[in-house]
1. Which net charge results for the neighbourhood of A:Ile92, defined as the other residues with beta-carbon distances under 9 angstrom from its beta-carbon, given Lys and Arg at +1 and Asp and Glu at -1?
2. Based on alpha-carbon centroids, what's the gap between region A:188-204 and region A:91-145 in Å, whole number please?
3. Non-local amide H neighbours of A:Val184 (under 5 Å, H modeled in plane, Pro and chain starts lacking H): which ones?
4. Would you mind ranking A:Ser55, A:Ser50, A:Ser138 by Cβ crowding within 10 Å, fewest neighbours first?
5. FRET efficiency for B:Asp124 and B:Ala239, Cβ-Cβ distance as r, R0 = 35 Å, nearest 0.05?
6. Once you wrap a convex hull around the alpha carbon atoms of region A:82-187, what is its projected area averaged over all directions, in nm²?
7. Please list, by residue number, every one of the chymotrypsin sites (Phe, Trp or Tyr not before Pro) in region A:75-174 that is coil in DSSP and has at most 15 other beta-carbon atoms within 10 Å.
2 protein chains.
Amino acid sequence: AGPSASWWARSPPSQDQDKEYVGFATLPNQVHRKSVKKGFDFTLMVAGESGLGKSTLVNSLFLTDLYKDRKLLNAEERITQTVEITKHTVDIEEKGVKLKLTIVDTPGFGDAVNNTECWKSVADYIDQQFEQYFRDESGLNRKNIQDNRVHCCLYFISPFGHGLRPLDVEFMKALHEKVNIVPVLAKADTLTPGEVKKKKIKARQLDITGLLFFFARCDLYDHDIIPFAVIGSNTVVEAKGKRVRGRLYPWGIVEVENPAHCDFVKLRNMLVRTHMQDLKDVTRETHYENYRAQCIQSMTRMVVKERNRNKLTRESGTDFPIPVVPGVAESETEKLIREKDEEVRHWVFKGLHTVQYCDA
Amino acid sequence: AGPSASWWARSPPSQDQDKEYVGFATLPNQVHRKSVKKGFDFTLMVAGESGLGKSTLVNSLFLTDLYKDRKLLNAEERITQTVEITKHTVDIEEKGVKLKLTIVDTPGFGDAVNNTECWKSVADYIDQQFEQYFRDESGLNRKNIQDNRVHCCLYFISPFGHGLRPLDVEFMKALHEKVNIVPVLAKADTLTPGEVKKKKIKARQLDITGLLFFFARCDLYDHDIIPFAVIGSNTVVEAKGKRVRGRLYPWGIVEVENPAHCDFVKLRNMLVRTHMQDLKDVTRETHYENYRAQCIQSMTRMVVKERNRNKLTRESGTDFPIPVVPGVAESETEKLIREKDEEVRHWVFKGLHTVQYCDA
């Protein structure tokens with residue numbers, strides 16, 4: 001029985017509209033349902049010198065208290081402190097959607113007298129997470145891989161500098177190909193609207209936007225908003241009879257979620273409500289893939305070099321004279337070396353397929 | 001500035017309910033939106049002897065005409081034909097959701113006089129798709145991987161046999177760990193309701209359900225429905241004033257989508273509307289991972305064996321006497337062999353990480 005004449009496909013009777021529905025339009029809903037069941041995770045890094053309100057902003061963004069047990073160091077302790085990376089994880093839930101939020105903090109960043117290469121420990125941390133994931137996804141059991149890759153880095157710019165400082169530029173230059181950087185102009189309640197505008201323009205002139213891979217790719221938002229001017233607060237104050245999160249000054253109340261006061265709401269919308277999944281996808285598809293490709297390429301180069309070296313050594317008669325022993329012995333040595341060579345080739349091919357897929 | 005006292009987190013003022021919404025509850029919607037933008041793909045295999053209505057059922061399920069150019073072979077041509085695998089791909093769209101549907105057909109299956117191991121070419125095909133994917137996902141450029149893994153196999157059982165035939169049992173035993181098998185009782189319009197019931201019970205007694213990994217995992221549907229009794233039709237007929245897909249007999253009209261007539265709607269619901277994504281996930285997470293793990297394990301065993309063999313050969317003085325040449329030469333040979341050994345170890349570790357992740 002071949003297919004019957006499927007004339008209905010060409011002229012579906014109008015009264016049978018419902019009948020002509022296959023149902024694969026439910027696929028996005030199936031994906032939706034499964035994602036809720038599985039739950040989400042997100043890893044946010046915050047970087048910038050001490051005192052710019054990093055912790056407060058994160059707590060404001062996620063309405064949580066991530067740093068309950070934090071011990072602040074005094075100035076003397078901080079002299080000897082190097083940049084260290086700390087990690088806080090919290091499970092939060094909202095309307096039935098579960099999120100495992102990890103905040104990676106970089107206390108000590110920019111706090112030393114000499115901050116040369118202080119971005120390096122941050123870059124190393126990001127690479128280490130990529131490396132761990134590369135190992136895990138190349139391993140035998142991939143069921144319960146712990147994914148610690150950093151999806152976004154909020155970089156805090158001081159409101160006091162005239163534009164970006166060299167440390168800011170160095171950090172963003174060094175990291176923008178490893179992680180999605182979202183720069184924020186910290187503690188914007190110390191700046192008048194005119195000052196905020198000027199500082200934003202200055203920051204953009206220094207070619208931050210060129211560094212901001214994520215924004216370039218997603219082509220969202222007016223670039224003029226960058227860097228987001230933010231004010232954080234975890235205290236609720238009364239403003240015009242309404243209770244809002246804000247800061248109470250003698251001259252008035254700063255409302256965190258008032259768009260006329262700062263870009264907090266816009267930052268939260270982008271970071272959480274519209275582009276959180278995008279940040280994860282760019283991390284996975286671009287930053288991680290770049291890391292992985294570099295890894296494989298340098299491994300391949302190493303093997304090729306090694307092989308050439310061996311070949312050279314074997315061929316240059318003076319340095320490495322193959323012992324001229326008659327009969328079996330010599331050919332066996334050669335055979336062993338050849339076999340080992342084949343073994344290497346086998347692994348290069350089986351494990352990595354680098355050569356033939358290079359231009360695929 | 002450390003975190004301010006976040007007392008609001010513990011006692012949120014009731015009038016500020018809306019303010020206390022972070023917004024990550026939109027994550028499933030972000031996933032939903034991105035999945036629609038990207039589009040879906042699904043690969044369905046159909047297997048079973050000729051004439052059981054495989055093509056008609058597929059066309060009925062997806063309201064498409066996948067086999068426009070099909071050339072049916074006559075009996076003599078089919079004598080010399082071996083099982084070959086053909087692939088049809090069609091892009092369909094429904095309510096803005098795009099689906100790239102691939103149907104893998106197995107013409108010739110079970111049609112020969114001697115069908116010994118005729119499931120083998122089907123199993124090989126499935127493995128080849130896994131192998132290709134394994135190569136691709138181990139490669140350098142993973143952006144545009146063509147994923148041809150088979151997500152589901154509809155296995156057509158003849159309505160004429162007394163329960164399952166040995167070929168059916170052999171096929172399902174051989175393939176149930178490679179692919180999600182959904183057995184269907186073909187051309188159920190040749191069977192009375194009592195006969196359908198009896199055949200289903202018989203089929204289940206023969207321990208099909210034990211084979212049906214997908215059903216066992218998903219724990220959906222009453223198992224009593226298996227195998228789905230189906231009737232396909234691509235012609236529209238008039239039944240009680242309504243135009244329905246069906247088959248017009250002198251004794252009445254068989255309506256494909258009438259639940260009292262067959263399980264077509266239930267099959268379509270499961271396959272398309274509720275569990276299509278599940279079928280893909282089980283393929284990816286279980287069948288493919290099993291294949292991949294077996295691959296890696298056999299590769300590891302090979303290398304260990306090879307190394308032991310080399311070690312043995314080198315140690316047993318009679319077969320392979322290391323040439324006793326004084327001074328540099330000898331140690332250089334040894335060094336070369338040792339280096340090659342290290343190279344192999346390096347690749348085993350870097351490329352595969354099999355040993356240490358075995359029990360992870």
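1. Result for the local shell: -1.
2. 31 Å
3. Counting only residues 5 or more places away or on other chains, the set is A:Tyr155, A:Phe156, A:Ile157.
4. Ranked by crowding around the Cβ, least crowded first: A:Ser50, A:Ser138, A:Ser55.
5. The formula returns an efficiency of 0.20 here.
6. 8.8 nm²
7. When the chymotrypsin sites (Phe, Trp or Tyr not before Pro) of region A:75-174 are filtered for loop state and at most 15 Cβ neighbours within 10 Å, A:Phe160 remain.
Since every read-out is calculated from the coordinates, none of them should be taken as a lab result. Note that the structure is predicted; figures quoted are calculated from it, not measured. For neighbour counting, all protein chains shown are included, and Cβ atoms are generated from backbone atoms with ideal geometry for every residue, glycine included.
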